[in-house]
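Inspection log for the structure reproduced underneath, given as structure tokens.
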Amino acid sequence: MRLDKFLKVSRLIKRRTVANEACDAGRVAVNGKTAKASQDIKAGDTIEIGFGTKNVKVEVLSIQDTSKKEEAKELFKYL
């Protein structure tokens, strides 16, 4: 699954266009490397997102094309 779509489905970032812009600005890293929006994500990857002064680091647990609000939290865990 594409990185920008995963960020939207997991609700780490609300909209896919915002996720795209964050990737273009270099604020998203996958496994320690700056990532493009089109990068493939798989279970076990580590994603780090910079929100202003705060950094969020998560591990991908599973991949789903869609998810309900309650299920979105089960796609990743905070590190």
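For q values of 0.17, 0.19, 0.22, 0.26 Å⁻¹, compute log₁₀ I(q)/I(0) with the Debye formula on a Cα-only model of the chain, without solvent. Computed log10 I(q)/I(0) values: -0.55, -0.70, -0.97, -1.42. Averaging the sequence gap over all C-alpha pairs within less than 8 Å and six or more residues apart, then dividing by the number of residues, gives the chain a relative contact order of 28 percent.
Kirkwood's formula applied to the C-alpha pairs of the range 25-71 gives a hydrodynamic radius of 11.8 angstrom.
Counting only Cβ charges, +1 for Lys and Arg and -1 for Asp and Glu, the dipole size of the chain around its Cα centre is about 220 debye. Among residues other than Lys8 with Cβ under 9 Å from its Cβ, the summed charge is +4 (Lys and Arg +1, Asp and Glu -1). Under the combined filter of DSSP loop state and at most 12 neighbouring Cβ atoms within 10 Å, the range 13-79 retains these trypsin sites (Lys or Arg not before Pro): Lys14, Arg15, Lys42, Lys68. Think of it as helices only: each DSSP H run of n ≥ 4 in the chain is worth -39500 (n - 2.57), and spread over all residues that comes to -6000 deg cm²/dmol at 222 nm.
Total lysine pairs in the chain at Cα distances under 16 Å, for residues eight or more apart or on different chains: 23.
Laboratory data are not the source of any read-out in this text; all were calculated from the coordinates shown. Predicted model, so just to flag it, every value in this text is computed and none were measured. Neighbour counts run over all protein chains shown; Cβ positions are idealised from the backbone, glycine included.
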